[in-house]
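Worksheet: one structure, shown below.
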Amino acid sequence: TKDGKPLALRFVLPAGPGSGPIRATGERIADMLNGIGVRTQIKKVADESYFKDHIAAGEYDLALYSWPASAYPATDARPIFAKPRPAADGSLSVGHNYTRVGTDQIDQLFEQASGEL
């Protein structure tokens, strides 16, 4: 780092009164990571901005959230894992893949899976 301090992963967690369990889980994960030398910095944010301003915007290194399950994982989960593509305006179109990580192989496997019964 520029100032000689080790980098810390930004761990974004919701701060609202109903999000105690997710914060407790995040704090346990941070403690375990810190125990093996992976520094984390927990940032508690307002519930109403947690997903829109942090998860969807990609403003995090670590976060806890989940997607509801479906009876059709080969087709319904594809937007969550599909490789982000450049949009017409030059921005990155991530769909629902808020991690912004994907590969051509994953896309091909989803294509193959969606063609099976």
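FYI, it's all coordinate maths here, none of it is from the lab. Since the structure is predicted, the reported quantities are computational estimates derived from the model, not experimental observations. Every residue, glycine as well, gets a Cβ built from its backbone with ideal geometry; the counts of neighbours run over all protein chains shown.
Within region 103-117, which residues are more than 13 Å from Ala77 (Cα to Cα) and in contact with a helix residue (DSSP H, G or I) (Cβ under 8 Å, 6 or more places away or on another chain)?
From region 103-117, those more than 13 Å from Ala77 (Cα to Cα) are 103-105, 108, 112, 115-117; that's our starting set.
Glu116, the sole residue that qualifies.
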Picking from Val94, Val12, the residue that is of a type in the set (A, V, I, L, M) and more than 22 Å from Asp107 (Cβ to Cβ) would be Val12
Of all helices (runs of 4 or more DSSP H) fully inside the chain, the set with 1 or more residues that are without any contact (Cβ under 8 Å) to a residue 12 or more places away in the chain is 20-35, 73-76, 104-114
